[in-house]
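The structure appears right after this line, and notes come after that.
The values are calculated or read from the model by the stated rules, or taken from the named source; none is laboratory data. Note that the structure is predicted; figures quoted are calculated from it, not measured. Neighbour counts are summed over all protein chains in view; Cβ atoms, including those assigned to glycine, are modelled from backbone coordinates with ideal geometry.
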Amino acid sequence: MPAVLEIEGLRKTYKSRRRGTRNALDGFDMRVDAGQVHGFLGPNGSGKTTTLRTLLGLIRPDGGRMVLLGHEVPDALPAVAGQVGAIVESPQFFPHFTARDTLSLLAGAGEVPATRVDEVLELVGLRDRSGERVKTYSLGMKQRLAVASALLKNPKLLILDEPANGLDPGGIREMRTLMRNLAESGMTVVLSSHILGEIQLICDSVTIISLGRRVAFGPVDEVLAQHSSGAVRIRLEAVSDLPVATDVLTQAGIRVTGHPDHLMLAGVDKPASVTRLLAEKNLYVSELAPIAVDLESVFLELTATAPVPGQHRQVDESMKVGGTAQPGPAGGGWGA
Ligand SMILES: Nc1ncnc2c1ncn2[C@@H]1O[C@H](COP(=O)(O)OP(=O)(O)OP(=O)(O)O)[C@@H](O)[C@H]1O
Ligand SMILES: [Mg+2]
C-alpha cells in the first residue's frame, strides 16, 4: 500500500526567552498508508499538534523529512494543498454567519461547486440546523462544521486534531461512522484523540507519540498483541501497600502502572514470581489475573514517565477514556 503521509526524523525546538528551549519533536517518525483511518495518540504536550501544524506548513521544522501524497513538504505544499483537508485544534468561524453561509464562502474561495455545501452538511449531520448562526451553535456543532469545512474539497487526506472533542456519545458514534464511511470511499483519515476506546474501535492503525518521539506504531491489533504478553492485574490485601509493592516490582524489572485499588503489570514471565517477590516483603496478593490489554493500557504504559522511587504513580485521569484535551492555541483551519 502506498504511503500517503511519511515523516522521518522530524525535529522542532521552541525557543523562548522566559522558558528557554523545549524539544517538542525529537526525531519523530510516522507513516500512514492509503485508505486507512489512522489514530495519532499521545498525552498532553507530547507533540501531536506540533506535528500536524508542521505538516501543514503552519510551523517551520528544525529538521527531518516530510512527504504528503508523494510530495516533499513544505516545499511542494502548493501542489498538495488542494488534496488535503485539515482541522488543527479549534478553527474560528465568523459568529454571525450561518453554517451554510460559512461553507458557501469557503467553497467560493476554494473553487468548490456550491452543490458540495449541501453534501458536506448532510455528511456531518448539520443540514437541519444549517440556517442558524454559528454563535448559537454548541461546541459539538462547531466541531461538525469544522469537519464539514475540511471535507468541502473532497480531499484525499483528511487530518483532524481532536475531532471528538466536545461531542456527546451520540455525536462521537456519528463521527465514527462518518470516518469509516470516508475511509471506505477511499479517503485516508488521520485523527488525533485522547478517547482511546474510540480510537480502538475506529482506527486501522495507530502511532503513539511520547515526548516528541514515536513509541509504538502499526495496525491496532498488532500493537495490542505486542503488548499483551505478560500483562497482569494484581490487588493486595491492603490498598495502602500498593506504593511499596510498586517499588518492589519496579526494582525487579516489571513495568508497573498504578491505579487507586490495583496495579497493572507488564512483562511478567511467571505470575508466581510476582507473588513470591511481594510475599518476601510481607505484601500479600488477594487477586492476580492475566488480562487482554486494550489500547488505553498500552498507551498508559508507553507514555508514562519513569516512576520516581518511593512515589506511587497514579493514572492521569485526563488521559483516560473520555478525557478531554486542554485547549490549545488558536487553530489554523485548512477549510477550503
Ligand atoms: N508556540 C509554542 N511555544 C512554545 N512551546 C510550545 C508552543 N506550542 C507548543 N509548545 C510546546 O511543545 C510541546 C508539544 O506541544 P503540542 O501542542 O504539540 O502537544 P499536543 O500533543 O498537541 O498536546 P495536547 O494533547 O495537549 O493537544 C509542549 O511541551 C508545548 O508546551
Ligand atoms: Mg494538541
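Conditions (1) touching an Asp or Glu at 6+ places or on another chain (Cβ under 7 Å); (2) small (Gly, Ala, Ser), marked per residue:
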| residue | (1), (2) |
| --- | --- |
| GLY20 | no, yes |
| ASN23 | no, no |
| PHE28 | no, no |
| VAL37 | yes, no |
| ARG53 | no, no |
| GLY57 | no, yes |
| ASP62 | no, no |
| GLU72 | no, no |
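Here is a yes/no grid of residues against (1) more than 16 Å from ligand 2 (Cβ to nearest atom); (2) crowded, with 17+ Cβ neighbours inside 10 Å; (3) in the same structural domain as PRO155 (by TED's automatic domain parsing):
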{"position": "GLU8", "(1), (2), (3)": "yes, no, yes"}
{"position": "TYR14", "(1), (2), (3)": "no, no, yes"}
{"position": "GLY47", "(1), (2), (3)": "no, yes, yes"}
{"position": "ILE59", "(1), (2), (3)": "no, yes, yes"}
{"position": "LEU69", "(1), (2), (3)": "yes, yes, yes"}
{"position": "PRO78", "(1), (2), (3)": "yes, no, yes"}
{"position": "ILE87", "(1), (2), (3)": "no, yes, yes"}
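In the set (1) more than 24 Å from ALA3 (Cα to Cα); (2) assigned by TED's automatic domain parsing to the domain that holds ARG176, HIS259 fails one condition alone, (2).
Assessment of the range 30-46 against the conditions (within 9 Å of ligand 1 (Cβ to nearest atom), assigned to a strand (DSSP E or B) and over 26 Å from ARG180 (Cα atoms)) yields no matching residue.
For the range 173-216, filtered to residues that are surrounded by fewer than 21 Cβ atoms within 10 Å (Cβ to Cβ) and β-branched (Val, Ile, Thr), the residue that is farthest from LEU123 (Cα to Cα) is VAL215.
Regarding ILE234, is this residue touching a residue at least 40 places away in the same chain (Cβ under 8 Å) and either closer than 30 Å to ASN282 by Cβ or not assigned by TED's automatic domain parsing to the domain that holds GLY39 (or both)? Outline the logic, then answer.
Working: touching a residue at least 40 places away in the same chain (Cβ under 8 Å): yes; either closer than 30 Å to ASN282 by Cβ or not assigned by TED's automatic domain parsing to the domain that holds GLY39 (or both): yes.
Considered against the rule, which asks whether it is touching a residue at least 40 places away in the same chain (Cβ under 8 Å) and either closer than 30 Å to ASN282 by Cβ or not assigned by TED's automatic domain parsing to the domain that holds GLY39 (or both), ILE234 comes out as yes.
Within the range 13-28, the residues that satisfy the criterion of being within 24 Å of GLY218 (Cβ to Cβ) and of a type outside the set (Phe, Trp, Tyr) are ALA24, LEU25, ASP26, GLY27.
The single condition among (1) at pLDDT 95 or above; (2) within 16 Å of ligand 2 (Cβ to nearest atom) that GLY42 does not satisfy is (1). Take LEU167 and tell me if it is within 20 Å of the chain's Cα centre (by Cα) and crowded, with 19+ Cβ neighbours inside 10 Å. Yes; evaluated as a whole, the condition is true for this residue.
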